[in-house]
1. Ranking 49, 54 by Cβ neighbours within 10 Å, fewest first, what do you get?
2. Where does each of 55, 35, 88 land when they are ranked from fewest to most other beta-carbon atoms within 10 angstrom?
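Just so it is clear, none of the values below were taken in a lab; they were calculated from the coordinates. These numbers were taken from a predicted model, which means no experiment stands behind them. Every residue, glycine among them, receives a Cβ derived from its backbone with ideal geometry; neighbour counts consider all protein chains shown.
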């Protein structure tokens, strides 16, 4: 009886050890990040929201005009933090202090610094 029980345990353990178990499937597939983005007007907020809504893998986002914070939840299998940051840079906005190749100009034709000066 003991040998039969022992044989069953050995078979079970061998099956468990030699079966391809992927524990990463239990890991969350989504990630949330927050970026400080250099936009300054409602038009910029709308452009960021439109861009995020069209990105594959983005599941949720919040764009705060007052704090300049963009919070994004995304599927790690479909996009990445770098792709999200690059999308903001491609719009012409700074991301976490990194400057874009070409600064965004709003509908009035001025950049963020110029926009602040015209509001004062």
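1. Details: 49 14, 54 9.
Starting with the residue having the fewest Cβ neighbours, the order is 54, 49.
2. Working: 55 16, 35 20, 88 26.
Ascending number of Cβ neighbours within 10 Å: 55, 35, 88.
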